[in-house]
Amino acid sequence: MRERLQALKEEALAKVDQADTLNELQDIKVAYLGKKGPITEVLRGMGKLSKEERPVIGELANKVRETIAGELDAKKEKLEARELEEKLEKETIDVTLPGRPVTLGGPHLLTSIVEEIEDLFIGMGFEVREGPEVETDYYNFEALNLPKGHPARDMQDSFYITEELLMRTHTSPVQARTMGKYQGSKPVKMICPGKVYRRDTDDATHSHQFTQVEGLYVDRNVRMSDLKGVLNRFAKQMFGEEREIRLRPSFFPFTEPSVEMDISCKVCHGEGCSVCKGTGWIEILGGGMVHPRVLEMAGYDSKEYTGFAFGMGPERIAMLKYGVDDIRHFYTNDIRFLKQYHKA
Ligand SMILES: [Zn+2]
């Protein structure tokens, strides 16, 4: 029986040594250590042994079983480690593969233009102010010398929320709000960029929603020549030092006198061509000296304070600067259009 056990042990260990997969190991375990295995069989036959031999053979059988089990475990660990290594090797990432390029966006052309305008006026000491897009009738019209029933309201029909609330038709209410807050206590030097709304039918030059940047400077001794100087600097910095400006008389209810500003045509430099429709000039923006009544309504003494105001459409500035021929390009989000103006 001793020899039988010894032989079984050697046989099992040799098989464990040769085993190459976890499945094979499992088979060996079942074959030698299972309930129907040869070791169990040896133990069953112990009844035939003498009392003295029984514990000796019993102990030996257990030792053989433990040795085989130990070897099985050790081999199992080894095989598992190898399997993991092979898996890792197989699944290695090839870092030399070129990656997928990430498409980077950029600011919208209108955003860039508004920021450029802001920078320019900040450089001349203006601060940037913003206000609500849903505005009261008072701030949108009345505080700007446009009482109910004023004919000039017709040019600025809007989308009404209620009788007294509307989508603002210009950014001027931000000026009225700022002056109204100060109540004549200090000068105002600000620009107000933002979205505005009008009841307009969309075409190549009109949109029911567009952008404005308006400016206001109220202080003691602010003169028309100051307005001209500021606008001249703006035009040259935005469009080029060679561009000239001219002011033409115009009408706005909130300024008196009022002007329209033109810049000299880039193509013909004032000679007249098809771009400027033969006039040599291109209309850019409107402005004027703040109407005394607007100052008074906001709590400013119009005998002590004077001011100028102006307003422009960044869409128009961008169209002239970059030769965009349809205002709708700004809002339809065609990536082919937008991409042309992404700065690196
Ligand atoms: Zn021209």
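Things worth noting here:
- The alpha carbon radius of gyration of the chain, expressed as a multiple of 2.2 N^0.38 Å, is 2.20.
- Residue-wise HN-Hα couplings along region 203-219, as the Karplus relation 6.51 cos²θ - 1.76 cosθ + 1.60 with θ = phi - 60° gives them from phi, are 8, 4, 10, 10, 8, 5, 10, 8, 10, 9, 10, 10, x, 8, 9, 10, 6 Hz; Gly and Pro carry x.
- Subtracting the Cα-Cα distance of THR67 and GLU11 from their residue separation scaled by 0.36 nm leaves 18.9 nm.
- Above-threshold pairs, the threshold being 25 Å between Cα atoms, out of LYS189/LYS277; LYS48/LYS75; LYS35/LYS87; LYS15/LYS78; LYS15/LYS35: LYS189/LYS277; LYS48/LYS75; LYS35/LYS87
- Per residue, the convex hull spanned by the Cα atoms of region 206-344 amounts to 145 cubic angstrom.
- In sequence order, calculated HN-Hα J values of region 192-200 (Karplus, 6.51, -1.76, 1.60; Hz; x Gly/Pro): 10, x, x, 7, 9, 9, 9, 7, 10
- Label-point separation, GLU59 to THR21 (7 Å along Cα→Cβ), nm: 4.2
- Sparse packing (at most 11 other Cβ atoms within 10 Å of the Cβ) combined with a DSSP loop state is found for the following GluC sites (Glu not before Pro) in region 25-129: GLU52, GLU91.
- Range of Cα positions in region 10-151 per principal axis (Å), largest first: 128, 40, 28
- Relative contact order (percent, whole number), region 109-341, Cα cutoff 8 Å, 6+ residue spacing: 21
- Only DSSP H runs of four or more residues enter the estimate; each adds -39500 (n - 2.57), and after division by the residues of the chain the mean residue ellipticity at 222 nm equals -12500 deg cm²/dmol.
- Packing-based exposure ordering (other Cβ within 10 Å, fewest first) of THR255, THR178: THR178, THR255
- Range in the chain, longest, excluding exposed trypsin sites (Lys or Arg not before Pro) [loop by DSSP; at most 10 other beta-carbon atoms within 10 Å]: 52-147
- At least 15 Å along the helix axis (C-alpha) and Kyte average at least 1.0, DSSP helices within the chain: 109-122
- Of the residues ASP119, ASP226, ASP94, the one with the fewest other Cβ atoms within 10 Å heads the list, and the complete ranking is ASP94, ASP119, ASP226.
- Footprinting exposure proxy for SER264, SER302, SER172 (fewest neighbouring C-beta atoms within 10 Å first): SER302, SER264, SER172
- Per-residue 3J(HN,Hα) values for region 38-43, derived from phi via the Karplus relation 6.51 cos²θ - 1.76 cosθ + 1.60 with θ = phi - 60°, read x, 5, 4, 4, 4, 5 Hz in sequence order (x marks Gly and Pro).
- Spin-label pair THR92-THR40: with each label point 7 Å from Cα along the Cα-Cβ axis, the two points sit 4.6 nm from one another.
- For the chain, taking a cut-off of 4.7 Å between Cβ atoms, the unpaired cysteines are CYS192.
- Over region 2-90, all Cα pairs binned in 10 Å intervals from 0 give whole-percent P(r) values of 16, 43, 24, 12, 5, 1, listed from short to long.
- Taking the alpha carbon gyration tensor of region 61-137, multiplying each eigenvalue by 5 and rooting it gives semi-axes of 76, 20, 12 Å, largest first.
Rule-based calculations on the coordinates, nothing more; no lab input. Computed from a prediction, not measured in an experiment: that's the story for all the values here. All Cβ positions, glycine included, derive from the backbone under ideal geometry; neighbour counts span all protein chains shown.
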